[in-house]
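Worksheet for the structure shown next.
The values are calculated or read from the model by the stated rules, or taken from the named source; none is laboratory data. Computed from a predicted structure; not experimentally measured. Here the Cβ is made from the backbone with ideal geometry for all residues, glycine too, and neighbour counts use every protein chain on show.
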Amino acid sequence: MSSSYSSPLLRLGVVLPALTVLKLSAHLAGVSDVLLHDHQLSSPLTSFSQLQEGLYLFRHGIDPYNGGTFRHSPLLLALFSSVLPSSKVFMATLLALCDAVAAWALVRTWRARQNVPSSARDGLVAAAYLLNPYNFLPSLALSTSPLESALLLLAVMFASQKKAAPSLLSLAFLSHLTPNAILFLPPLLLLLLTDPHSHLASPQKISFKRHKVLPLAVEFLLYVGVLTVASTLVAGNLNWVAQTWGTWYAFTLPDLTPNVGMWWYFFTEMFDHFRPFFLMVFSVHLLIYVAPLCIKFQHDPLYALFILTGILATFKAYPTLADMGLFLSMISIFPETFPYLRFPIVTSLLHLHSALLLPLFHHLWLTQGTGNANFYYASTLVFACSNGAAILDCLFAGLRIAVGKEVDGYEVVQE
Amino acid sequence: MLPLTLFHLFLGLSVSLLGAFASDHQEETVKGFFGRNGTSQSTHTNNWAVLVCTSRYWFNYRHMSNALSMYRTVKRLGIPDSNIILMLADDASCNARNKFPGSVYANPGRHLDLYGENVEVDYRGYEVTVENLIRVLTGRVEPSVPRSKRLLTDEHSNIFVYMAGHGGNEFLKFQDNEEISAFDIADAFEQMYQKKRYNEIFFMVDTCQANSLYSKLYSPNILATGSSQVGENSYSHSSDKDLGVAVIDAYTHYVLELMEGINKTSQSTMQDLFSSIDPNKINSHPGVRSDLFRRPLDKTLITDFFGGVSQIEVVDDEEGVEEEAGLVGGNGKDSVSSTAPAQASFAIPERRASHSKRHIEPVSNTSTTSEAKELWGWVGSSTRAWGAVALFGGLVGWVRMRS
């Protein structure tokens, strides 16, 4: 990319601290109190008030997983009741730092992909993450989903730098927070075993040392196991499995608080005897994307991971805006696809449309009472539509690069 | 052979006698409990009331006012709404012809508003039918009938059944289109007796020829009274000039007048009630049927039927400790002395001043133990949290070492 962005403001060393300070001052100005209970920015699994309730119960010797309202991981419980204070100011600081770390990790990934020690676009990449409202609003709302984004970006960064153990540890920790993250393991392993450089323009069959896959997978499972032991130690018994992981996958989906995802509305209106079937369908649905993506983008596993982020953000059970924000910010490290995006303006307008509709219909339904759940569900459908448009466009662009410029008289055929 | 039979006979007799004596002893204890406070020998534990007004239309204002005055009385004397079934065939208070909407007055000068703000009518309007009344009394209601419309009495319930409306010889008119007969009521009460749905019933009727309505009763423990004999009418008391209708019936008016002077602790008896009604003033001869009632009327308190008065017995400290020490659990026999003060805190404070000092200790005892438990719980969870963090930190360190 040309270095036309030579403005001193866009240097990484300026962007990161400046935006972090901006975020902190926004929190101190009281923005957090307004956003704290927003359903778009925090789900029951990431809500700060739920975290505080769980910490209170834990501190008073009551098992927080006995009730059914606390769904955070026991690791967060342990961290916040021992090493880290759990006040709002600290949480805001922590999340601002998490965002800064995530942006820094994204920049490092970008650098690894371009194989340069530093580039002129670093500040732009960091700003694309930090200034994305889908990212900074959830961290202002003190939700723990920016933590999850940060962990994923760290895992990707370490994998781009070929550091297997830290990458797998980050993914293991992330898997404890959201079990969906296990789906990132295949592309991450492929990334570890190949390289993060951009091969989109020249797809080849992947070649990696297959005998290394199993040790890495075992290492990941080992980390997950140790973290499970630590979680059980904190919680004192195994109730936490059903309460945290079980909300996702044990055919329950107990909490139907409205969020920006597609699951809650289906399950509010579903007869009980259909629930297990549809829960199974919705859960397995997430699984079907992993293998095809890894196969199709075997020449560029980082791109496969990127697309998978978008897909999981659209179809997971309790998403917040931060999940989509991660995907949209990660686009910035694939500038080679920009010329081949077919309808970026349509996608951005759709996102703008849904970003305006979501809080509007939420207010109309739950605060004012003149609308109903269908209004809000319609706006989540628009959001899903805009996500789908973004994913499809990126998918197309990633594949289209390989074709190159069109030449008269020649036809492109897939082997 | 013969000695064996004799022995068996002796065994059987002695067992039955012992059993009889034992149950007698238990009954004595129970009767003693009931008889210890006051002169009433009633064995009821809860009170219910079924108040029925069977006439509709504006000109039958006084019948609704009758039922509402009894409602007011029983509610004032302690029966809660959940134990009262109030059936009003029409809505007098919100009637279009009511010049004072929202109120039903009991006397011509409009001094007493019976409607107020806290009236719960269970059966209203067209729901007041003979079938519904009998279903309520006998308990044979549909499963969909809500709790507030059921008579959930047991064998220790005293029930006050009051009926007002237009009646005749052995019948009472419901809503201008059907009648309930004295036989129906008698059978309903008998069903209640068979199903053990009452301890005692006080049946009061204020209609024309009311005494005929209780003439067919045949179940035990029922005391009945009516406002007029066969062939006599019951008259209304007086009408209010502004409302334009008679506001209350004479019999109920005098009953209400007596009741207004009674509170929950009153020792007035049913005999006082029956004696206070002057036939000259009400222009009819009220009657009383007490042959089915086993207690003497001068020993039966008015509050046995009209009020919801409970028997309370305060237990001595020393008596209750021995058995309650076992209930505390865990402490066992070694600390009877420490549990005794703990139980003392449940006793009525003003009874003995010498126990006041002992009251202070147990409160602090229990609070420190619970606080200590909470502290220990917090320490435990804090240790666990730090342990988990240490484990996680170890994992991070190990990973750093590897890379």
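Observations on the model:
- Filter pass, A:Gly67 being at pLDDT below 85, at the interface with chain B (Cβ under 10 Å from one of its Cβ atoms) and more than 21 Å from the chain's Cα centre (by Cα): no
- Candidate set: segment A:31-58, residues that are within 12 Å of chain B (Cβ to nearest Cβ) and buried (at least 19 other Cβ atoms within 10 Å of the Cβ); chosen: the one nearest to A:Leu360 (Cα to Cα): A:Gly54
- Checked against the criterion of being more than 14 Å from chain B (Cβ to nearest Cβ), at positive phi and either surrounded by fewer than 16 Cβ atoms within 10 Å (Cβ to Cβ) or not hydroxyl-bearing (Ser, Thr, Tyr) (or both), segment A:241-259 contains one or more residues that satisfy it.
- Checking A:Leu399, A:Leu366, A:Leu381 one by one, the residue that is among the aliphatic types (A, V, I, L, M) and farther than 30 Å from A:His37 by Cα is A:Leu399 and no other.
- From the list B:Lys264, B:Lys281, the lone residue that is assigned to a helix (DSSP H, G or I), loosely packed, with under 14 Cβ neighbours inside 10 Å and among the charged types (D, E, K, R) is B:Lys281.
- Selection within segment B:120-144 - surrounded by fewer than 16 Cβ atoms within 10 Å (Cβ to Cβ), part of a loop (DSSP other than H, G, I, E, B) and on the phi < 0 side of the Ramachandran plot: B:Glu120, B:Arg140, B:Val141, B:Glu142, B:Pro143, B:Ser144
- In the set (1) of a type in the set (D, E, K, R); (2) modelled with pLDDT of 95 or more; (3) in a loop (DSSP other than H, G, I, E, B), B:Glu117 fails one condition alone, (2).
- Residue within segment A:89-96 that is away from every other protein chain (no Cβ under 12 Å), over 19 Å from the mean Cα position of the chain (by Cα) and of a type in the set (Val, Ile, Thr) present: yes
- Candidates A:Thr244, A:Thr232, A:Thr228, filtered to the one that is in contact with a Ser or Thr (Cβ under 6 Å, 6 or more places away or on another chain) and part of a helix (DSSP H, G or I): A:Thr244
- Within segment A:393-408, none of the residues are surrounded by 14 or more Cβ atoms within 10 Å (Cβ to Cβ), more than 29 Å from A:Phe297 (Cβ to Cβ) and touching a helix residue (DSSP H, G or I) at 6+ places or on another chain (Cβ under 7 Å).
- Verdict on A:Ala105 being in contact with a Pro (Cβ under 7 Å, 6 or more places away or on another chain), away from chain B (no Cβ under 14 Å) and farther than 19 Å from A:Leu140 by Cβ: no
- Enumerated strands (runs of 3 or more DSSP E) restricted to segment B:145-232, each holding at least 2 residues that are farther than 23 Å from B:Asn83 by Cβ: B:171-174, B:178-181
Residues are listed down the side, and each one gets a yes or a no for (1) of a type in the set (S, T, N, Q); (2) over 17 Å from the mean Cα position of the chain (by Cα); (3) at pLDDT 90 or above:
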position	(1), (2), (3)
B:Gly12	no, yes, no
B:Glu28	no, yes, no
B:Arg36	no, yes, no
B:Asn47	yes, no, yes
B:Phe59	no, yes, yes
B:Ser65	yes, yes, yes
B:Ser69	yes, yes, yes
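- Residue in segment A:332-340 that is under 16 Å from the mean Cα position of the chain (by Cα) and not hydrophobic (A, V, I, L, M, F, W, C) present: yes
- Number of the condition not met by A:Lys162 [criteria: (1) farther than 17 Å from A:Thr109 by Cβ; (2) basic (Lys, Arg); (3) within 14 Å of chain B (Cβ to nearest Cβ)]: (1)
- Residues located in segment A:185-225, provided they are under 28 Å from A:Leu77 (Cβ atoms), among the hydrophobic types (A, V, I, L, M, F, W, C) and crowded, with 17+ Cβ neighbours inside 10 Å: A:Leu185, A:Leu188, A:Phe220, A:Val224
- In segment A:329-372, residue surrounded by the fewest Cβ atoms within 10 Å (Cβ to Cβ) [restricted to those that are touching a residue at least 24 places away in the same chain (Cβ under 8 Å) and in a loop (DSSP other than H, G, I, E, B)]: A:Arg342
- All conditions but one from (1) at pLDDT 85 or above; (2) over 27 Å from A:Phe338 (Cβ atoms); (3) buried (at least 20 other Cβ atoms within 10 Å of the Cβ) apply to A:Leu16; the one that does not is (2).
- For segment A:352-401, the tally of residues that are within 19 Å of the chain's Cα centre (by Cα), among the aliphatic types (A, V, I, L, M) and more than 15 Å from A:Asn259 (Cα to Cα) stands at 5.
- Scanning segment A:220-240 for residues that are over 17 Å from B:Arg402 (Cβ atoms) and under 23 Å from the mean Cα position of the chain (by Cα) returns A:Thr228, A:Ser231, A:Trp240.
- Enumeration of residues in segment A:64-92 that are surrounded by fewer than 18 Cβ atoms within 10 Å (Cβ to Cβ) and either in contact (Cβ under 8 Å) with a residue 40 or more places away in the chain or touching a Lys or Arg at 6+ places or on another chain (Cβ under 8 Å) (or both): A:Asn66, A:Gly68, A:Lys88, A:Val89
- Taking residues in segment B:389-403 that are at the interface with chain A (Cβ under 7 Å from one of its Cβ atoms), and partners anywhere that are outside any helix (DSSP H, G or I), the pairs with Cβ atoms closer than 8 Å and at least 6 places apart or on different chains are B:Val389/A:Ser82; B:Val389/A:Val83; B:Ser403/A:Lys163.
- Long-range neighbours under 7 Å by Cβ, at least six apart or interchain, first residue among the acidic types (Asp, Glu) within segment A:221-245, second surrounded by 14 or more Cβ atoms within 10 Å (Cβ to Cβ): none
- One residue stands out in segment B:125-140 among those that are aliphatic (A, V, I, L, M) and farther than 19 Å from B:Asp81 by Cα: the one that is farthest from the chain's Cα centre (by Cα), namely B:Val130.
- Scoring A:Ala181 on the criteria (1) closer than 19 Å to A:Ala150 by Cβ; (2) within 14 Å of chain B (Cβ to nearest Cβ); (3) of a type in the set (Gly, Ala, Ser) leaves a single failure, condition (2).
- A:His72 vs. criteria touching a helix residue (DSSP H, G or I) at 6+ places or on another chain (Cβ under 9 Å) and not in a helix (DSSP H, G or I): yes
- Test: residue in segment A:120-135 that is at pLDDT below 90, outside any helix (DSSP H, G or I) and on the phi < 0 side of the Ramachandran plot: yes
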